[in-house]
Amino acid sequence: MIVAKIRQNIVWILVLLLFAANARLIQRSPVFAEGETLTIGAPVVFSSSYTISSAQFIDNANSAYFLDPAATGNSLVLAGAASKPDGGTWTASSCSTGYILVPGSATLGTNDFCVMKYEAKQDANKNPTSTATGSPWVSVDWYEAKEACKRVGAHLITSNEWTTIARNIEATTINDLDDDAALQLATSHSDNAPASALATTAGADPIVSGCTLTSTMENASNAYSAASCEIRGTGAGGSTDNDKGYYGTGQVWSATGYSAGAANKSQLRTAVLSNGKVIWDLAGNVWEWNDWQCGTGVWYSVAGWIDWTNANLTDYEKYAAGPSGSLTSANGAGQYYACTAIGNAAIRGGSWGNTANAGPFTLLLNNAPSSVDSNVGFRCAK
């Protein structure tokens with residue numbers, strides 16, 4: 001027994017020495033490109049190459065060590081680019097196909113990370129993929145969603161990561177659908193018409209490189225311009241690629257007529273992040289599991305939908321998972337549903353029939369992690 005423990009301790013010492021050697025390598029090379037092989041100086045444990053995501057690299061490099069039981073090589077091949085300023089922390093600078101880069105939030109404790117641009121679909125090998133075409137992968141429980149993301153070198157999006165995205169959308173002015181005094185956010189496909197999840201096409205993904213992100217969507221600088229600023233769509237209707245983010249909803253953008261979750265311009269399925277990246281269906285279409293379980297001792301537990309401005313949420317819940325501003329469902333922010341049992345798993349965003357309950361901040365804590373529903377899917381992050 002004593003000999004076994006000594007051997008185990010020796011192995012751990014060698015591993016830590018390996019990590020230290022790797023940390024010195026990182027200090028010498030502040031920028032790595034996507035696909036670049038990072039060779040560890042002292043191959044004590046590893047014997048071949050192993051591919052990791054930007055997020056895995058960043059998380060481990062910032063901690064000055066690599067610890068992954070699946071690693072079997074003395075080389076790490078970066079799946080996305082990363083960079084590190086002198087004296088700073090590592091941050092992602094690009095993402096793999098189907099993922100977009102999300103700026104981190106110091107308030108929520110998130111570094112820059114990569115997230116699926118679209119709700120997860122199932123590929124031919126029954127693995128999650130982020131593509132425009134195809135229906136979202138639904139009727140999956142929380143456990144299966146977590147394992148599915150792991151199979152592709154990712155993880156189920158966390159609640160803090162989700163909130164990081166939602167607050168970025170809230171703070172990026174172009175997501176305000178018009179010039180009215182109150183913020184008006186899109187609730188995506190949530191009006192129950194059609195009463196099913198929607199797919200999209202690659203051609204419907206709007207180009208926003210020519211848009212002014214610091215102005216509202218109604219601002220003249222954000223008028224539709226092909227191959228430049230396409231966030232509004234052409235307004236022609238008919239569920240074609242020209243509808244852009246309204247694809248499949250039967251709705252179009254207009255300067256008036258906003259009502260969250262109803263059959264109007266609120267049904268826009270796309271949002272723009274502060275770095276110009278476009279994400280689809282963070283609100284509406286299908287619910288999405290988050291990698292987090294609630295506790296009734298901290299999270300408000302009286303069943304029912306309430307706005308984030310409710311006094312029962314402003315002491316903690318709103319700070320942890322709600323909007324930064326005093327937004328309600330009337331602003332398209334979505335609502336909160338109580339943690340009705342310890343260990344319930346979070347699902348967020350709402351689905352096609354949740355009307356004004358849907359929104360980028362919507363949080364439902366009423367489901368056991370084993371529950372399965374045809375309107376609940378997921379999204380992976382790295």
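Read-outs: derived from the displayed coordinates by stated rules, not from any lab. Small disclaimer: the values here were computed from a predicted structure and weren't measured. All Cβ positions, glycine included, derive from the backbone under ideal geometry; neighbour counts span all protein chains shown.
Loop-resident trypsin sites (Lys or Arg not before Pro) (DSSP state other than H, G, I, E or B) in the range 265-370 with no more than 12 further Cβ atoms inside 10 Å of their Cβ are absent.
Taking the alpha-carbon centroid of each part, what is the distance from the range 264-278 to the range 313-358 in angstrom? That distance is 19 Å. Label positions at Ala311 and Ala226, each projected 7 Å from the Cα along the C-beta direction, are separated by 5.7 nm.
Shown here for the range 225-317: chymotrypsin sites (Phe, Trp or Tyr not before Pro) in loop regions (DSSP other than H, G, I, E, B) with at most 16 other Cβ atoms within 10 Å, namely Tyr316. Judged by the mean number of other Cβ atoms found within 10 Å, the most tightly packed of the peptides 322-332, 193-203 leads the ranking 322-332, 193-203. With the cut-off at 27 Å, tell me which of the pairs Lys117/Lys150; Lys318/Lys382; Lys146/Lys277; Lys117/Lys146; Lys150/Lys244; Lys146/Lys265 have Cα atoms farther apart than that. Pairs exceeding the cut-off: Lys150/Lys244; Lys146/Lys265.
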